[in-house]
Amino acid sequence: ETPRLAATHLDEGEAQVQHSVQQFADTELLSLIDEMEQSQSIHKKVLEGLFENGFMGIEVPSHFGGAGLSFVESCIVIKELARVDPAIAGMVDIQNTLIVTAIRKFANTEMQSRILPKLAKDAVGSFCLSESGSGSDAFAMKTTAEKIGEEYVINGEKCWISNAAEASIFLVFANANPSLGHRGITAFIVERENPGLKIGKRERKLGLNAVSNCQLFLEQCKVCVFAILVCASTK
């Protein structure tokens with residue numbers, strides 16, 4: 001296999017992706033930045049454009065409706081969006097490098113076929129890790145997930161969660177076996193319509209206001225056993 005050249009050298013396909021993102025950022029995004037910052041929301045036209053151009057499902061396999069590209073293309077898209085608006089770039093970054101990657105690598109086949117097409121088509125994802133007493137020290141999280149029959153019941157609170165107001169898919173970290181300490185921590189796919197999931201207040205920020213950071217409350221939030229990502233020892 002021929003070694004890849006330096007990241008500054010793009011092949012033809014990567015250069016085409018770069019040009020496509022540059023064109024979108026300059027013609028569709030740039031003129032709406034001030035409006036989105038003032039309204040503290042993503043313009044419908046921008047969000048639709050991100051999905052229509054495949055920027056929200058870069059590494060989602062093509063048979064699930066995604067672009068079927070690589071991490072390199074993800075980096076190109078994020079970089080070119082950040083050149084114009086880092087708020088939108090941050091949302092796209094979370095979608096592709098955190099949410100899609102985790103589900104693609106660790107979710108079971110059933111959840112992949114259910115969730116990945118949504119993320120490629122019109123669903124924004126949110127990465128739910130931080131808590132008021134568990135920021136840099138993620139192992140200190142208090143959110144728990146108890147297995148009851150064919151469901152997990154999640155209880156806890158999350159803070160400063162990016163994309164929370166816009167998202168319909170949430171990757172929620174919880175401890176499924178507190179007796180194991182941090183080794184019991186794993187993640188669960190929680191959809192917005194899941195009973196027990198509530199979006200809290202939106203944080204006030206100095207910038208990057210087009211996308212949200214919110215509190216997240218999980219009160220007896222039930223998810224099916226298939227919603228767990230294969231990471232933790234829960235026995």
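The values are calculated or read from the model by the stated rules, or taken from the named source; none is laboratory data. Owing to the predicted nature of the structure, the values given are computational and were not obtained by experimental measurement. Here the Cβ positions follow ideal geometry from the backbone for every residue, glycine too, while neighbour counts run over all protein chains shown. Note: accessible area is taken over every heavy atom of the protein model, side chains too, but ligands, DNA and RNA are not part of it. Shrake-Rupley method; radii C 1.70, N 1.55, O 1.52, S 1.80 Å.
Could you list all residues from the range 7-49 that are part of a helix (DSSP H, G or I), open to solvent by 40 Å² or more (accessible area, probe 1.4 Å) and of a type in the set (Val, Ile, Thr)?
Across the range 7-49, the qualifying residue is only THR27.
Of all residues in the range 204-217, which are in a loop (DSSP other than H, G, I, E, B) and closer than 18 Å to GLY156 by Cβ?
Once the filter is applied, which keeps residues that are in a loop (DSSP other than H, G, I, E, B) and closer than 18 Å to GLY156 by Cβ, the range 204-217 yields nothing.
Name every residue in the range 127-158 that is assigned to a helix (DSSP H, G or I) and in contact (Cβ under 8 Å) with a residue 12 or more places away in the chain, in order of residue number. Let's see the steps before the verdict.
To start, the set of residues in the range 127-158 that are assigned to a helix (DSSP H, G or I) comprises 138-140.
Scanning the range 127-158 gives ALA138, PHE139.
Given the criterion out of contact with any Pro (no Cβ under 8 Å at 6 or more places or on another chain), open to solvent by 50 Å² or more (accessible area, probe 1.4 Å) and modelled with pLDDT of 95 or more, identify the matching residue among PHE127, PHE173. Can you show your working first?
Numbers: PHE173 fails: open to solvent by 50 Å² or more (accessible area, probe 1.4 Å).
The match here is PHE127.
Would the range 180-202 turn up any residue that is more than 19 Å from ALA89 (Cα to Cα), charged (D, E, K, R) and touching a Lys or Arg at 6+ places or on another chain (Cβ under 7 Å)?
no
Taking the range 50-78 on its own, how many of its residues are assigned to a helix (DSSP H, G or I) and over 19 Å from ASN209 (Cα atoms)?
The initial filter retains those residues of the range 50-78 that are assigned to a helix (DSSP H, G or I), namely 50-52, 62-64, 71-78.
If we keep only those that are over 19 Å from ASN209 (Cα atoms) too, we end up with 51-52, 62-64, 71-77.
The qualifying residues number 12.
Is one or more of the residues making up the range 159-182 of a type in the set (Ser, Thr, Tyr), outside any strand (DSSP E or B) and under 27 Å from LYS121 (Cα atoms)? I'd like the intermediate steps shown before the answer.
Of all residues in the range 159-182, those of a type in the set (Ser, Thr, Tyr) come to 162, 168, 179.
Right, trim to outside any strand (DSSP E or B) and you get 168, 179.
Filter once more, so that each one left must be under 27 Å from LYS121 (Cα atoms): 168.
Within the range 159-182, one or more residues are of a type in the set (Ser, Thr, Tyr), outside any strand (DSSP E or B) and under 27 Å from LYS121 (Cα atoms).
When the residues of the range 50-77 are narrowed to those that are more than 14 Å from ILE94 (Cβ to Cβ) and touching a Gly at 6+ places or on another chain (Cβ under 6 Å), which ends up surrounded by the most Cβ atoms within 10 Å (Cβ to Cβ)?
VAL60
Mind listing whichever residues of the range 132-157 are in contact with a Gly (Cβ under 9 Å, 6 or more places away or on another chain) and either modelled with pLDDT of 95 or more or open to solvent by 50 Å² or more (accessible area, probe 1.4 Å) (or both)? Steps first, answer last, please.
Start the filter on the range 132-157 by keeping residues that are in contact with a Gly (Cβ under 9 Å, 6 or more places away or on another chain), which leaves 139-145, 153-155, 157.
PHE139, LYS142, THR143, THR144, ALA145, VAL153, ILE154, ASN155, GLU157 - these are the residues of the range 132-157 that are in contact with a Gly (Cβ under 9 Å, 6 or more places away or on another chain) and either modelled with pLDDT of 95 or more or open to solvent by 50 Å² or more (accessible area, probe 1.4 Å) (or both).
Can you name the residue in the range 78-120 that is of a type in the set (Gly, Ala, Ser) and surrounded by fewer than 18 Cβ atoms within 10 Å (Cβ to Cβ) and is also farthest from LEU229 (Cα to Cα) among such residues?
Pass one, the range 78-120, residues of a type in the set (Gly, Ala, Ser): 82, 87, 89-90, 102, 107, 113, 120.
Next, from what is left, pick out any that are surrounded by fewer than 18 Cβ atoms within 10 Å (Cβ to Cβ): 82, 102, 113.
Values: ALA82: 30, ALA102: 8, SER113: 14 Å.
It comes out as ALA82.
Look at SER168 and say whether it is modelled with pLDDT of 95 or more, of a type in the set (Ser, Thr, Tyr), open to solvent by less than 30 Å² (accessible area, probe 1.4 Å) and touching a Lys or Arg at 6+ places or on another chain (Cβ under 7 Å). Give the derivation first.
Details: modelled with pLDDT of 95 or more: yes; of a type in the set (Ser, Thr, Tyr): yes; open to solvent by less than 30 Å² (accessible area, probe 1.4 Å): no; touching a Lys or Arg at 6+ places or on another chain (Cβ under 7 Å): yes.
The answer is no for SER168.
Out of curiosity, is SER162 of a type in the set (Ser, Thr, Tyr), at negative phi and either touching a Lys or Arg at 6+ places or on another chain (Cβ under 7 Å) or open to solvent by 40 Å² or more (accessible area, probe 1.4 Å) (or both)?
Working: of a type in the set (Ser, Thr, Tyr): yes; at negative phi: yes; either touching a Lys or Arg at 6+ places or on another chain (Cβ under 7 Å) or open to solvent by 40 Å² or more (accessible area, probe 1.4 Å) (or both): no.
So SER162 fails the test.
Given GLY200, GLY196, which one is surrounded by fewer than 17 Cβ atoms within 10 Å (Cβ to Cβ), in contact with a Phe, Trp or Tyr (Cβ under 9 Å, 6 or more places away or on another chain) and within 15 Å of ALA145 (Cβ to Cβ)?
Details: GLY200 fails: within 15 Å of ALA145 (Cβ to Cβ).
Of GLY200, GLY196, the one residue that is surrounded by fewer than 17 Cβ atoms within 10 Å (Cβ to Cβ), in contact with a Phe, Trp or Tyr (Cβ under 9 Å, 6 or more places away or on another chain) and within 15 Å of ALA145 (Cβ to Cβ) is GLY196.
Output the number of residues of the range 88-112 satisfying the condition of being farther than 18 Å from GLN23 by Cα, in contact (Cβ under 8 Å) with a residue 40 or more places away in the chain and in a helix (DSSP H, G or I).
Filtering the range 88-112 for residues farther than 18 Å from GLN23 by Cα gives 90-91, 93-112.
Okay, now just the ones that are also in contact (Cβ under 8 Å) with a residue 40 or more places away in the chain, so 90-91, 94-96, 98-104, 106-108, 110-112.
With the extra rule that they be in a helix (DSSP H, G or I), the set shrinks to 90-91, 94-96, 98-104, 106, 110-112.
Number of matching residues: 16.
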